[in-house]
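The values are calculated or read from the model by the stated rules, or taken from the named source; none is laboratory data. Computed from a predicted model, the values in this text were never measured in an experiment. Positions of Cβ are generated from backbone atoms using ideal geometry, with glycine treated the same way; all protein chains shown enter the neighbour counts.
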Amino acid sequence: MKPVPLDVVRPEVMELAPDVGSRPDVPIHLDWNESRWPLPDDLIAGMAEATATADSRPYPDGGYPAVREAIGALADWDPEGVVFGNGGDDMLQLSGLALTGPGRAAIYPSPGFSMYPWAIRLAGAEPRPVPLGENLAYDLDALESRIVADRPSLIFLTNPHNPTGELLPLDAVRRLADAAPGFLLLDEAYHEFAAWNARELLDEFGNILLLRTFSKAMAMAGARLGYLLARPEAAHAMRRAQPPFPVGVYTCRAAAVAMRRRELLMDLTRRITAERSWLADRLRSVEAVEVWPSQTNFLLFRTPMHSPVLRRRLIGHGVSLRDFSAHPRLAGTLRVTVGTREENLVFLSGLRDSLSTPVDEAEIAAVAGPDSPIG
């Protein structure tokens, strides 16, 4: 039998993070920041009708006019400045391919979303992490200094940040965009849960790209739709690095319905934001638990317990969380998605019970290492 010629695979590809893999078989998944709140019945019915009447035989209209125009109208932005892809991760990969490459540098905050260095390395560029500051807050001076010194063609910046939930003020973003010689991609995957977003900066800076997704507040992670808002000339350049039909017709039909009925989803978002405050207060009441302020649909928290052990104990209670302790700055941390009240109560009960029992060496030895930070 002829062997697999793995020697021809690019070395940097073989060094990239492994596949996400399967998830624990538990009833409550508070690990990947999807919406845990059910969609309104009439919105589901509208999506079902729209997809049922779609003709799957022809290729989709490459311009995706219905969704592009709906997003442009809501964002008060030229529809020609909207770029679609197969989820936000696809938009990160597209940005890496279009804006970086061999001999170029790209910077990103660390610890942060692991798909940034993945997209940079996949494009053959050099990833250059910029450490977060005290208490895992953005260090603006360090970011600006690295921008001036390295002159990167692309900067990834999450706002609000993942996994801390920090929201940078617009003046801070202006400062970094002004210093950047290339593009500043502002990842706003969680902007619907935050007090503000950076849409107004598109009018001021031609080098800003806003990345948004249907996977979080829009509750359509399974549909896989992400998009960039950019100046039309930048959007046209980005689309040159895409295949002709990056998004399927069913996803576009469902997304167009969701955008037309967005007020229903925004009401859901307000309820999740209120639940986030309730959950943060209850978490802070648990002895020895530290919780970071968040402007997202998740909370990062730290306990004295070995994180893989705590995660495994919570799985025993039927709840899966994300363990971020692989990064030395995130030792002892887990991230919990804001679930429904019923799910959050199960999580809190499981957390208190898990923290009440000391950990022995055998239990530490029995657990696997921390999760990959993807998600």
Selection over region 11-47 where residues are farther than 30 Å from Leu268 by Cβ and in contact (Cβ under 8 Å) with a residue 12 or more places away in the chain yields a count of 6
Here, helices (runs of 4 or more DSSP H) confined to region 11-83 with at least 2 residues that are surrounded by 15 or more Cβ atoms within 10 Å (Cβ to Cβ) are 41-52, 65-75
Listed by range, helices (runs of 4 or more DSSP H) wholly within region 292-375 having at least 2 residues that are aromatic (Phe, Trp, Tyr) are none
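Yes/no matrix, rows are residues, columns are (1) at pLDDT 95 or above; (2) of a type in the set (Phe, Trp, Tyr):
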residue: Ala256; (1), (2): no, no
residue: Arg262; (1), (2): no, no
residue: Ile272; (1), (2): yes, no
residue: Leu279; (1), (2): yes, no
residue: Arg282; (1), (2): yes, no
residue: Trp292; (1), (2): yes, yes
residue: Phe298; (1), (2): yes, yes
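Taking region 155-166 on its own, how many of its residues are assigned to a loop (DSSP other than H, G, I, E, B) and either modelled with pLDDT under 95 or under 27 Å from Ala98 (Cβ atoms) (or both)? Step through it out loud before you land on a result.
To start, the set of residues in region 155-166 that are assigned to a loop (DSSP other than H, G, I, E, B) comprises 159-166.
Pick out the ones that are also either modelled with pLDDT under 95 or under 27 Å from Ala98 (Cβ atoms) (or both) and you get 159-163.
Number of matching residues: 5.
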Residue hits (region 165-193; of a type in the set (Phe, Trp, Tyr) and out of contact with any Lys or Arg (no Cβ under 7 Å at 6 or more places or on another chain)) are Phe183, Phe193
Glu233 meets each of (1) touching a residue at least 40 places away in the same chain (Cβ under 8 Å); (2) more than 14 Å from Ala66 (Cβ to Cβ); (3) in a helix (DSSP H, G or I) with one exception, condition (1)
Checking Met259, Met266 in turn, the sole residue that is touching a helix residue (DSSP H, G or I) at 6+ places or on another chain (Cβ under 9 Å), part of a helix (DSSP H, G or I) and under 19 Å from Gly62 (Cβ atoms) turns out to be Met259
Restricted to region 184-206 and to residues being without any contact (Cβ under 8 Å) to a residue 60 or more places away in the chain and more than 16 Å from Trp77 (Cβ to Cβ), the residue surrounded by the fewest Cβ atoms within 10 Å (Cβ to Cβ) is Trp196
From the option list Gly318, Gly339, Gly248, single residue qualifying as surrounded by 14 or more Cβ atoms within 10 Å (Cβ to Cβ) and either on the phi > 0 side of the Ramachandran plot or without any contact (Cβ under 8 Å) to a residue 12 or more places away in the chain (or both) is Gly318
Practice task
For Val286, state whether it is of a type in the set (Val, Ile, Thr) and either crowded, with 22+ Cβ neighbours inside 10 Å or assigned to a helix (DSSP H, G or I) (or both).
Solution key: no
Going by what's in this entry, would Pro232 be described as surrounded by fewer than 18 Cβ atoms within 10 Å (Cβ to Cβ) and either farther than 21 Å from Leu74 by Cβ or touching a Ser or Thr at 6+ places or on another chain (Cβ under 7 Å) (or both)? no
Only one of (1) touching a helix residue (DSSP H, G or I) at 6+ places or on another chain (Cβ under 9 Å); (2) part of a loop (DSSP other than H, G, I, E, B) does not apply to Pro243, and that is (1)
Restricting attention to region 249-283, the residues that are over 21 Å from the mean Cα position of the chain (by Cα) and either among the hydroxyl-bearing types (Ser, Thr, Tyr) or within 15 Å of Asp90 (Cβ to Cβ) (or both) number exactly 1
